[in-house]
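Below is one structure, written out as C-alpha coordinates, with a few remarks after it.
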Amino acid sequence: MRRRPLLIAALLCLGAVVAGAPFVRGASSHGAPRPRAVPLEGIHKIKHVVIIMQENRSFDSYFGTFPGADGIPMDRGEPLVCAFDPKTRRCIEPFHDPRDRNIGGPHDHLNAVHDINHRLMNGFVWQERAVLRRACRFRDDPSCSVSADRIDVMGYHDAREIPNYWAYARNFVLQDHMFQPDTSWSLPAHLFAVSEWSAKCSRRGDPMSCVNAIQSPPLPPGAIRANGRHPNYAWTDLTYLMHKYHVSWRYYVFKGGEPDCVDDGAIFCNPKKQSAKTPGIWNPLPWFTDVHQDRQLRNIKSVDHFFSAAKRGNLPAVSWVIPNDKVSEHPPALVSAGQAWVTNVVNALMRSPDWSSTAIFLTWDDWGGFYDHVAPPVVDRNGYGLRVPGIVISPYARRGFIDHQVLSFDAYAKFIEDDFLHGERLDPATDGRPDPRPSVREDSPLLGNLVRDFDFRQQPRPALILATHPGFRERQGKNR
(Lines give C-alpha, C1' and ligand atoms only; values in the text may rest on other atoms or scores of the structure.)
Protein backbone atom coordinates (compact mmCIF):
# COMPACT_ATOMS: atom_id res chain seq x y z
CA MET A 1 0.00 0.00 0.00
CA ARG A 2 1.43 3.38 -1.04
CA ARG A 3 -1.34 5.51 0.43
CA ARG A 4 0.25 6.13 3.83
CA PRO A 5 3.75 7.15 2.62
CA LEU A 6 2.25 9.35 -0.09
CA LEU A 7 0.00 11.04 2.45
CA ILE A 8 2.93 11.60 4.79
CA ALA A 9 5.03 13.02 1.96
CA ALA A 10 2.24 15.35 0.87
CA LEU A 11 1.65 16.57 4.42
CA LEU A 12 5.35 17.08 5.01
CA CYS A 13 5.74 18.99 1.75
CA LEU A 14 2.70 21.17 2.46
CA GLY A 15 3.61 21.66 6.10
CA ALA A 16 7.15 22.70 5.26
CA VAL A 17 5.98 25.27 2.76
CA VAL A 18 3.44 26.69 5.19
CA ALA A 19 5.56 26.63 8.31
CA GLY A 20 8.86 27.48 6.64
CA ALA A 21 10.66 24.74 8.56
CA PRO A 22 12.87 21.90 7.32
CA PHE A 23 10.92 18.71 6.68
CA VAL A 24 13.67 16.12 6.49
CA ARG A 25 15.88 14.63 9.13
CA GLY A 26 19.49 15.70 9.22
CA ALA A 27 18.70 18.91 7.34
CA SER A 28 20.56 21.32 9.58
CA SER A 29 24.15 21.19 10.70
CA HIS A 30 24.23 24.57 12.48
CA GLY A 31 24.43 22.95 15.90
CA ALA A 32 27.34 20.66 15.06
CA PRO A 33 30.07 20.80 17.72
CA ARG A 34 33.61 21.79 16.91
CA PRO A 35 35.52 18.71 15.71
CA ARG A 36 37.83 17.29 18.31
CA ALA A 37 41.56 17.47 17.68
CA VAL A 38 42.53 14.41 15.68
CA PRO A 39 45.93 12.76 16.24
CA LEU A 40 47.87 12.78 12.98
CA GLU A 41 50.00 9.78 13.89
CA GLY A 42 50.45 7.65 10.79
CA ILE A 43 49.42 10.29 8.26
CA HIS A 44 52.90 10.35 6.75
CA LYS A 45 52.43 6.79 5.56
CA ILE A 46 50.47 8.51 2.80
CA LYS A 47 53.06 9.76 0.34
CA HIS A 48 50.72 10.25 -2.62
CA VAL A 49 47.34 12.00 -2.56
CA VAL A 50 45.26 11.68 -5.75
CA ILE A 51 42.10 13.77 -6.07
CA ILE A 52 39.73 12.53 -8.79
CA MET A 53 37.06 15.12 -9.51
CA GLN A 54 34.03 14.14 -11.55
CA GLU A 55 31.01 16.29 -12.34
CA ASN A 56 27.48 17.18 -11.38
CA ARG A 57 26.01 14.60 -9.02
CA SER A 58 24.39 14.98 -5.61
CA PHE A 59 24.88 12.48 -2.81
CA ASP A 60 21.27 11.30 -2.91
CA SER A 61 21.40 10.82 -6.69
CA TYR A 62 24.16 8.18 -6.30
CA PHE A 63 24.04 6.94 -2.70
CA GLY A 64 20.59 7.92 -1.46
CA THR A 65 19.71 4.27 -0.86
CA PHE A 66 23.13 3.05 0.31
CA PRO A 67 22.68 1.01 3.53
CA GLY A 68 23.67 2.93 6.63
CA ALA A 69 24.19 6.28 4.90
CA ASP A 70 22.19 9.46 5.56
CA GLY A 71 20.11 8.82 2.47
CA ILE A 72 16.62 9.52 1.21
CA PRO A 73 14.16 9.28 4.13
CA MET A 74 11.99 6.21 3.59
CA ASP A 75 9.11 4.41 5.27
CA ARG A 76 8.99 0.72 4.32
CA GLY A 77 10.72 1.48 1.01
CA GLU A 78 8.61 4.54 0.15
CA PRO A 79 10.14 8.05 0.09
CA LEU A 80 8.95 10.49 2.74
CA VAL A 81 10.23 13.53 0.86
CA CYS A 82 9.21 15.21 -2.38
CA ALA A 83 9.63 18.38 -4.44
CA PHE A 84 6.76 20.40 -5.85
CA ASP A 85 6.19 20.41 -9.63
CA PRO A 86 4.49 23.64 -10.75
CA LYS A 87 3.36 22.06 -14.02
CA THR A 88 1.54 19.01 -12.66
CA ARG A 89 0.81 20.55 -9.22
CA ARG A 90 2.16 17.34 -7.71
CA CYS A 91 4.91 16.72 -5.21
CA ILE A 92 7.38 14.44 -6.99
CA GLU A 93 9.12 11.82 -4.86
CA PRO A 94 12.63 10.46 -5.45
CA PHE A 95 12.53 7.51 -7.83
CA HIS A 96 14.94 4.91 -9.17
CA ASP A 97 16.23 6.06 -12.57
CA PRO A 98 17.88 3.30 -14.65
CA ARG A 99 18.82 5.61 -17.54
CA ASP A 100 22.47 5.93 -18.46
CA ARG A 101 22.05 9.49 -19.75
CA ASN A 102 20.62 12.10 -17.41
CA ILE A 103 19.57 15.71 -17.81
CA GLY A 104 19.91 17.18 -14.33
CA GLY A 105 19.11 20.78 -13.53
CA PRO A 106 20.65 24.24 -13.63
CA HIS A 107 23.33 24.76 -11.02
CA ASP A 108 24.59 28.28 -10.58
CA HIS A 109 24.42 30.24 -7.32
CA LEU A 110 20.83 31.37 -7.74
CA ASN A 111 19.75 27.81 -8.60
CA ALA A 112 21.42 26.57 -5.42
CA VAL A 113 19.50 29.17 -3.43
CA HIS A 114 16.22 28.09 -5.06
CA ASP A 115 16.96 24.36 -4.66
CA ILE A 116 17.74 24.81 -0.96
CA ASN A 117 14.67 27.11 -0.66
CA HIS A 118 15.06 28.35 2.91
CA ARG A 119 16.42 24.94 3.91
CA LEU A 120 13.28 23.13 2.71
CA MET A 121 15.29 21.34 -0.02
CA ASN A 122 12.33 21.29 -2.41
CA GLY A 123 13.13 23.60 -5.32
CA PHE A 124 14.78 21.09 -7.65
CA VAL A 125 11.84 20.22 -9.91
CA TRP A 126 10.66 23.71 -10.70
CA GLN A 127 14.25 24.74 -11.44
CA GLU A 128 14.58 21.95 -14.01
CA ARG A 129 11.15 22.80 -15.44
CA ALA A 130 12.18 26.41 -15.93
CA VAL A 131 15.38 25.61 -17.78
CA LEU A 132 13.83 22.95 -20.04
CA ARG A 133 11.34 25.54 -21.27
CA ARG A 134 14.33 27.38 -22.70
CA ALA A 135 15.82 24.25 -24.30
CA CYS A 136 17.10 23.75 -27.86
CA ARG A 137 19.04 27.01 -27.88
CA PHE A 138 22.18 25.28 -29.17
CA ARG A 139 22.71 23.18 -32.24
CA ASP A 140 22.72 19.49 -31.30
CA ASP A 141 21.50 20.37 -27.80
CA PRO A 142 20.73 16.97 -26.19
CA SER A 143 17.69 18.45 -24.49
CA CYS A 144 16.05 18.75 -27.91
CA SER A 145 15.92 14.97 -28.18
CA VAL A 146 14.32 14.30 -24.81
CA SER A 147 10.80 14.94 -23.67
CA ALA A 148 10.27 18.19 -21.83
CA ASP A 149 8.21 16.14 -19.40
CA ARG A 150 11.19 14.00 -18.44
CA ILE A 151 12.06 15.53 -15.10
CA ASP A 152 14.94 13.48 -13.72
CA VAL A 153 16.41 15.62 -10.94
CA MET A 154 14.50 13.49 -8.43
CA GLY A 155 15.93 10.28 -9.91
CA TYR A 156 18.60 8.23 -8.18
CA HIS A 157 20.95 5.43 -9.21
CA ASP A 158 22.08 2.46 -7.14
CA ALA A 159 24.29 -0.62 -7.45
CA ARG A 160 22.40 -1.71 -10.56
CA GLU A 161 23.78 1.26 -12.54
CA ILE A 162 26.93 2.19 -10.61
CA PRO A 163 28.20 -1.12 -9.18
CA ASN A 164 31.83 -0.02 -9.05
CA TYR A 165 31.10 3.14 -7.09
CA TRP A 166 29.06 1.11 -4.63
CA ALA A 167 31.85 -1.49 -4.47
CA TYR A 168 34.35 1.22 -3.52
CA ALA A 169 31.91 2.50 -0.88
CA ARG A 170 31.38 -1.00 0.56
CA ASN A 171 35.08 -1.87 0.67
CA PHE A 172 36.57 1.49 1.62
CA VAL A 173 35.06 4.73 2.97
CA LEU A 174 31.88 6.55 1.94
CA GLN A 175 31.45 10.14 3.16
CA ASP A 176 27.79 11.02 3.50
CA HIS A 177 28.23 14.64 4.57
CA MET A 178 30.67 15.84 1.91
CA PHE A 179 29.48 19.26 0.72
CA GLN A 180 30.81 21.16 -2.25
CA PRO A 181 32.67 24.14 -0.79
CA ASP A 182 30.52 26.80 -2.46
CA THR A 183 26.93 27.40 -3.53
CA SER A 184 27.73 27.68 -7.20
CA TRP A 185 28.84 25.95 -10.40
CA SER A 186 31.93 24.24 -11.83
CA LEU A 187 34.43 27.07 -12.16
CA PRO A 188 34.08 28.38 -8.59
CA ALA A 189 34.10 24.77 -7.32
CA HIS A 190 37.38 24.05 -9.12
CA LEU A 191 38.86 27.33 -7.88
CA PHE A 192 37.98 26.33 -4.32
CA ALA A 193 39.48 22.89 -4.93
CA VAL A 194 42.91 24.39 -5.65
CA SER A 195 42.81 27.62 -3.64
CA GLU A 196 39.95 27.61 -1.06
CA TRP A 197 38.47 30.75 -2.69
CA SER A 198 36.76 32.18 -5.78
CA ALA A 199 37.44 35.86 -6.43
CA LYS A 200 37.82 38.78 -8.84
CA CYS A 201 41.00 40.85 -8.79
CA SER A 202 41.16 44.45 -10.01
CA ARG A 203 44.95 44.79 -10.29
CA ARG A 204 46.95 42.25 -12.23
CA GLY A 205 49.12 40.11 -10.01
CA ASP A 206 48.04 41.87 -6.81
CA PRO A 207 46.37 39.45 -4.38
CA MET A 208 45.19 42.30 -2.12
CA SER A 209 43.05 43.64 -4.98
CA CYS A 210 40.85 40.53 -4.98
CA VAL A 211 37.26 40.47 -3.78
CA ASN A 212 34.80 37.65 -3.22
CA ALA A 213 33.12 36.25 -6.38
CA ILE A 214 31.09 33.15 -5.61
CA GLN A 215 29.13 33.20 -8.88
CA SER A 216 31.15 35.09 -11.47
CA PRO A 217 34.92 34.84 -11.22
CA PRO A 218 36.67 35.79 -14.48
CA LEU A 219 35.98 33.16 -17.11
CA PRO A 220 38.91 31.43 -18.83
CA PRO A 221 37.28 29.98 -22.02
CA GLY A 222 38.98 30.83 -25.28
CA ALA A 223 42.21 31.62 -23.40
CA ILE A 224 41.75 35.41 -23.77
CA ARG A 225 38.66 37.41 -22.93
CA ALA A 226 36.94 39.86 -25.25
CA ASN A 227 38.99 42.77 -23.88
CA GLY A 228 42.18 40.95 -24.84
CA ARG A 229 43.27 40.35 -21.25
CA HIS A 230 43.86 37.06 -19.52
CA PRO A 231 41.75 36.27 -16.46
CA ASN A 232 43.52 37.50 -13.36
CA TYR A 233 43.62 34.92 -10.56
CA ALA A 234 45.97 36.84 -8.30
CA TRP A 235 45.06 35.29 -4.95
CA THR A 236 47.07 32.46 -3.41
CA ASP A 237 46.47 28.82 -4.30
CA LEU A 238 47.67 25.61 -2.69
CA THR A 239 50.50 25.11 -5.17
CA TYR A 240 52.20 28.19 -3.70
CA LEU A 241 52.68 26.37 -0.40
CA MET A 242 53.70 23.16 -2.15
CA HIS A 243 56.35 25.03 -4.12
CA LYS A 244 57.51 26.74 -0.92
CA TYR A 245 58.05 23.37 0.79
CA HIS A 246 59.37 21.56 -2.31
CA VAL A 247 56.36 19.24 -2.48
CA SER A 248 55.78 17.76 -5.92
CA TRP A 249 52.40 18.15 -7.61
CA ARG A 250 50.73 17.63 -10.98
CA TYR A 251 47.37 18.64 -12.41
CA TYR A 252 46.46 16.01 -15.00
CA VAL A 253 43.93 16.98 -17.68
CA PHE A 254 42.21 14.56 -20.06
CA LYS A 255 42.32 16.07 -23.55
CA GLY A 256 38.93 16.47 -25.20
CA GLY A 257 36.10 18.87 -24.48
CA GLU A 258 34.46 20.57 -21.54
CA PRO A 259 30.94 22.04 -21.24
CA ASP A 260 32.30 25.57 -21.07
CA CYS A 261 28.97 27.34 -20.66
CA VAL A 262 28.95 31.12 -20.82
CA ASP A 263 25.63 30.80 -19.02
CA ASP A 264 27.46 29.59 -15.92
CA GLY A 265 25.33 26.78 -14.49
CA ALA A 266 23.35 25.92 -17.63
CA ILE A 267 22.53 22.25 -18.17
CA PHE A 268 23.80 21.97 -21.74
CA CYS A 269 26.00 24.00 -24.06
CA ASN A 270 28.40 23.42 -26.92
CA PRO A 271 31.68 21.99 -25.59
CA LYS A 272 34.98 23.85 -25.81
CA LYS A 273 38.32 22.19 -26.38
CA GLN A 274 40.24 21.16 -23.29
CA SER A 275 43.84 20.15 -22.81
CA ALA A 276 46.68 20.68 -20.38
CA LYS A 277 47.60 23.77 -22.39
CA THR A 278 44.06 25.14 -22.51
CA PRO A 279 42.82 26.92 -19.39
CA GLY A 280 39.15 26.31 -18.71
CA ILE A 281 36.53 25.90 -16.04
CA TRP A 282 38.03 22.53 -15.06
CA ASN A 283 41.63 23.67 -15.55
CA PRO A 284 42.01 27.07 -13.83
CA LEU A 285 45.59 26.82 -12.51
CA PRO A 286 47.27 28.29 -15.64
CA TRP A 287 45.76 31.70 -14.80
CA PHE A 288 47.04 31.86 -11.21
CA THR A 289 49.72 34.49 -10.76
CA ASP A 290 51.73 32.43 -8.28
CA VAL A 291 51.81 29.44 -10.66
CA HIS A 292 53.52 31.69 -13.22
CA GLN A 293 55.80 33.35 -10.68
CA ASP A 294 56.93 29.97 -9.36
CA ARG A 295 57.41 28.65 -12.92
CA GLN A 296 55.08 25.75 -12.23
CA LEU A 297 53.09 25.74 -15.48
CA ARG A 298 55.00 22.62 -16.52
CA ASN A 299 53.21 20.73 -13.72
CA ILE A 300 49.93 20.91 -15.63
CA LYS A 301 50.11 17.77 -17.75
CA SER A 302 48.04 15.60 -20.03
CA VAL A 303 46.49 12.56 -18.39
CA ASP A 304 48.87 10.30 -20.36
CA HIS A 305 51.59 11.47 -17.97
CA PHE A 306 49.47 10.31 -15.03
CA PHE A 307 49.17 6.76 -16.31
CA SER A 308 52.90 6.67 -17.08
CA ALA A 309 53.80 7.95 -13.61
CA ALA A 310 51.48 5.42 -11.95
CA LYS A 311 52.96 2.56 -13.96
CA ARG A 312 56.54 3.56 -13.13
CA GLY A 313 55.81 4.23 -9.45
CA ASN A 314 56.75 7.86 -9.94
CA LEU A 315 53.62 9.67 -8.76
CA PRO A 316 54.02 13.17 -7.31
CA ALA A 317 52.99 13.87 -3.75
CA VAL A 318 49.73 15.53 -4.88
CA SER A 319 47.77 14.89 -8.07
CA TRP A 320 44.50 16.17 -9.42
CA VAL A 321 42.96 14.06 -12.19
CA ILE A 322 40.43 15.87 -14.39
CA PRO A 323 38.13 14.18 -16.96
CA ASN A 324 36.95 15.44 -20.32
CA ASP A 325 33.29 16.00 -21.15
CA LYS A 326 32.69 12.46 -22.46
CA VAL A 327 33.70 10.74 -19.21
CA SER A 328 32.87 13.48 -16.69
CA GLU A 329 29.29 12.40 -15.85
CA HIS A 330 28.30 16.01 -16.56
CA PRO A 331 25.02 15.66 -18.47
CA PRO A 332 24.64 14.58 -21.21
CA ALA A 333 27.70 12.32 -20.66
CA LEU A 334 26.85 8.70 -19.87
CA VAL A 335 27.07 7.61 -16.25
CA SER A 336 28.62 4.32 -17.41
CA ALA A 337 31.37 6.15 -19.31
CA GLY A 338 32.28 8.17 -16.22
CA GLN A 339 32.34 5.11 -13.99
CA ALA A 340 34.56 3.29 -16.51
CA TRP A 341 36.97 6.23 -16.61
CA VAL A 342 37.21 6.44 -12.82
CA THR A 343 37.66 2.68 -12.55
CA ASN A 344 40.48 2.84 -15.08
CA VAL A 345 42.19 5.58 -13.05
CA VAL A 346 41.74 3.70 -9.75
CA ASN A 347 42.92 0.41 -11.28
CA ALA A 348 46.06 2.15 -12.56
CA LEU A 349 46.77 3.41 -9.05
CA MET A 350 46.10 0.01 -7.49
CA ARG A 351 48.50 -1.66 -9.93
CA SER A 352 51.13 1.00 -9.28
CA PRO A 353 54.21 0.39 -7.13
CA ASP A 354 52.96 3.48 -5.25
CA TRP A 355 49.66 1.87 -4.20
CA SER A 356 50.86 0.96 -0.71
CA SER A 357 51.37 4.66 0.13
CA THR A 358 48.48 6.27 -1.78
CA ALA A 359 45.20 7.88 -0.75
CA ILE A 360 42.57 8.45 -3.44
CA PHE A 361 39.91 11.08 -2.80
CA LEU A 362 37.04 10.68 -5.27
CA THR A 363 34.34 13.34 -5.48
CA TRP A 364 32.04 15.29 -7.81
CA ASP A 365 32.47 19.05 -8.22
CA ASP A 366 28.86 20.16 -7.71
CA TRP A 367 25.35 18.78 -7.38
CA GLY A 368 24.35 19.34 -11.01
CA GLY A 369 20.79 20.28 -10.06
CA PHE A 370 20.05 16.77 -8.74
CA TYR A 371 17.99 16.32 -5.57
CA ASP A 372 19.52 16.06 -2.14
CA HIS A 373 17.59 16.13 1.12
CA VAL A 374 20.25 17.56 3.47
CA ALA A 375 20.45 21.34 3.72
CA PRO A 376 24.09 22.47 3.79
CA PRO A 377 25.58 24.14 6.86
CA VAL A 378 26.67 27.77 6.61
CA VAL A 379 30.38 28.23 7.31
CA ASP A 380 30.91 31.66 5.74
CA ARG A 381 29.47 33.86 3.00
CA ASN A 382 30.41 31.33 0.31
CA GLY A 383 29.09 28.00 1.54
CA TYR A 384 28.93 25.21 2.02
CA GLY A 385 27.06 24.18 -1.10
CA LEU A 386 24.97 21.06 -1.63
CA ARG A 387 26.05 17.51 -0.77
CA VAL A 388 28.09 15.55 -3.27
CA PRO A 389 29.41 11.97 -3.06
CA GLY A 390 32.80 11.48 -1.46
CA ILE A 391 34.82 8.25 -1.35
CA VAL A 392 38.24 7.50 0.15
CA ILE A 393 40.18 4.60 -1.41
CA SER A 394 43.48 3.57 0.11
CA PRO A 395 45.30 0.52 1.48
CA TYR A 396 44.94 2.25 4.86
CA ALA A 397 41.28 3.23 4.45
CA ARG A 398 38.86 1.77 6.96
CA ARG A 399 36.85 -1.09 5.48
CA GLY A 400 33.15 -0.42 4.85
CA PHE A 401 33.20 2.74 6.95
CA ILE A 402 30.60 5.50 6.53
CA ASP A 403 32.05 8.83 7.58
CA HIS A 404 29.32 11.12 8.98
CA GLN A 405 31.64 14.10 9.60
CA VAL A 406 30.80 17.42 7.97
CA LEU A 407 33.30 17.72 5.14
CA SER A 408 34.01 19.75 2.02
CA PHE A 409 36.86 19.96 -0.49
CA ASP A 410 38.58 22.08 2.17
CA ALA A 411 39.24 18.79 3.97
CA TYR A 412 41.43 17.69 1.04
CA ALA A 413 43.56 20.82 1.40
CA LYS A 414 43.70 20.29 5.17
CA PHE A 415 44.92 16.70 4.73
CA ILE A 416 47.57 17.78 2.20
CA GLU A 417 48.74 20.57 4.49
CA ASP A 418 48.96 18.25 7.50
CA ASP A 419 50.73 15.50 5.55
CA PHE A 420 53.17 17.47 3.43
CA LEU A 421 53.24 21.14 4.58
CA HIS A 422 53.86 20.90 8.34
CA GLY A 423 50.26 21.94 9.01
CA GLU A 424 50.59 25.34 7.38
CA ARG A 425 47.32 26.78 6.04
CA LEU A 426 46.32 29.09 3.24
CA ASP A 427 46.09 31.79 5.87
CA PRO A 428 46.83 35.42 4.90
CA ALA A 429 48.33 35.98 8.36
CA THR A 430 50.92 33.23 8.06
CA ASP A 431 51.44 31.93 4.51
CA GLY A 432 53.72 34.74 3.33
CA ARG A 433 51.45 35.84 0.47
CA PRO A 434 48.43 37.60 2.01
CA ASP A 435 45.10 38.10 0.28
CA PRO A 436 41.74 39.34 1.65
CA ARG A 437 39.91 36.00 1.59
CA PRO A 438 36.94 36.05 4.00
CA SER A 439 38.00 33.02 6.05
CA VAL A 440 40.59 30.28 6.46
CA ARG A 441 38.43 27.41 5.26
CA GLU A 442 40.63 24.60 6.54
CA ASP A 443 40.18 25.86 10.12
CA SER A 444 36.38 26.03 10.07
CA PRO A 445 35.03 24.67 13.38
CA LEU A 446 32.52 22.57 11.40
CA LEU A 447 35.06 20.88 9.13
CA GLY A 448 35.92 17.28 9.93
CA ASN A 449 39.28 15.60 9.47
CA LEU A 450 39.96 12.96 6.82
CA VAL A 451 42.48 11.25 9.08
CA ARG A 452 39.46 9.59 10.74
CA ASP A 453 38.88 7.65 7.50
CA PHE A 454 42.16 5.75 7.89
CA ASP A 455 43.51 3.01 10.13
CA PHE A 456 47.26 3.44 9.92
CA ARG A 457 47.82 0.50 12.29
CA GLN A 458 46.46 -2.04 9.81
CA GLN A 459 48.54 -3.83 7.23
CA PRO A 460 48.17 -2.15 3.81
CA ARG A 461 45.17 -3.70 2.13
CA PRO A 462 45.48 -5.37 -1.27
CA ALA A 463 44.16 -3.82 -4.45
CA LEU A 464 40.55 -4.22 -5.53
CA ILE A 465 40.74 -4.39 -9.32
CA LEU A 466 37.31 -3.96 -10.92
CA ALA A 467 36.07 -4.40 -14.48
CA THR A 468 35.88 -1.04 -16.22
CA HIS A 469 32.62 -1.99 -17.94
CA PRO A 470 30.55 -4.01 -15.46
CA GLY A 471 27.35 -3.30 -17.40
CA PHE A 472 24.64 -0.69 -16.98
CA ARG A 473 21.06 -1.82 -16.44
CA GLU A 474 19.35 0.26 -19.09
CA ARG A 475 15.63 -0.19 -19.54
CA GLN A 476 15.24 2.54 -22.10
CA GLY A 477 18.06 2.01 -24.55
CA LYS A 478 16.71 4.61 -26.93
CA ASN A 479 17.86 7.30 -24.52
CA ARG A 480 21.50 6.29 -24.59
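The values are calculated or read from the model by the stated rules, or taken from the named source; none is laboratory data. Keep in mind that what you see is a predicted model, and the values were worked out from it rather than measured. Methodologically, a virtual Cβ is constructed for each residue, glycine included, from the backbone with ideal geometry; neighbour enumeration extends over all protein chains shown. Ligands, DNA and RNA are excluded from the accessible area calculation, which covers all protein heavy atoms including side chains. Shrake-Rupley method; radii C 1.70, N 1.55, O 1.52, S 1.80 Å.
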Given charges of +1 on the Cβ of Lys and Arg and -1 on the Cβ of Asp and Glu, with all other atoms neutral, how large is the dipole of the stretch 321-447 about its Cα centre, in debye to the nearest 20? 380 debye
Placing each pseudo-label 7 Å from Cα in the direction of the beta carbon, residue 230 and residue 293 end up separated by a distance in nanometres of 1.4 nm
Could you pull out every one of the lysines with an alpha carbon less than 30 Å from that of residue 87, ignoring same-chain neighbours closer than 8 positions? 478
Please give every one of the aspartates and glutamates within straight-line cross-link reach of residue 272, meaning a C-alpha to C-alpha distance under 15 Å, and leave out same-chain neighbours fewer than 8 residues apart. 140, 141, 258, 260, 263, 264, 325
Set of lysines near residue 244 by C-alpha distance (under 26 Å), chain-local residues within fewer than 8 positions excluded: 45, 47, 200, 277, 301, 414
What percentages make up the Cα-Cα pair-distance distribution of the stretch 343-480 when the bins are 10 Å wide from 0? 9, 30, 33, 21, 6, 1
Given H placed 1.01 Å from N in the peptide plane, which residues other than close sequence neighbours of residue 92 have an amide H under 5 Å from its amide H? 83, 84, 85
What's the ranking of 437-443, 75-81 by average number of surrounding C-beta atoms within 10 Å, highest first? 437-443, 75-81
Largest-first ordering by accessible area, 1.4 Å probe, given options 114, 469: 469, 114
Cα principal axis extents for the stretch 236-361, largest first, Å: 40, 36, 20
Net charge within 11 Å of residue 323 by Cβ-Cβ distance, Lys/Arg positive one each and Asp/Glu negative one each, not counting residue 323 itself? -3
Kindly state, to the nearest 0.05, the FRET efficiency for residue 76 paired with residue 171, given R0 = 45 Å and r defined as their beta-carbon distance. 0.95
Distance from the stretch 175-222 to the stretch 37-99 (C-alpha centre basis), Å: 24 Å
Please work out, to two decimal places, the log10 of the ratio I(q)/I(0) at q = 0.13, 0.20, 0.30 Å⁻¹ from a Debye calculation in which every Cα of the stretch 180-222 carries one identical scatterer. -0.26, -0.60, -1.11
Semi-axes of the equivalent ellipsoid of the stretch 357-428: what are they in whole Å, largest first, if each equals the square root of 5 times a C-alpha gyration tensor eigenvalue? 23, 19, 10
Would you mind calculating the gained length between residue 463 and residue 424 on full extension (0.36 nm times residue separation, minus the Cα-Cα distance), in nm to one decimal? 10.8 nm
Bins of 10 Å, starting at 0 and running to the largest distance - Cα pair percent for the stretch 46-129: 14, 42, 33, 9, 3, 0
Quickly rank 359-367, 84-92, 283-291, 102-110 as a protection proxy: mean count of other C-beta atoms within 10 Å, highest first. 359-367, 102-110, 283-291, 84-92
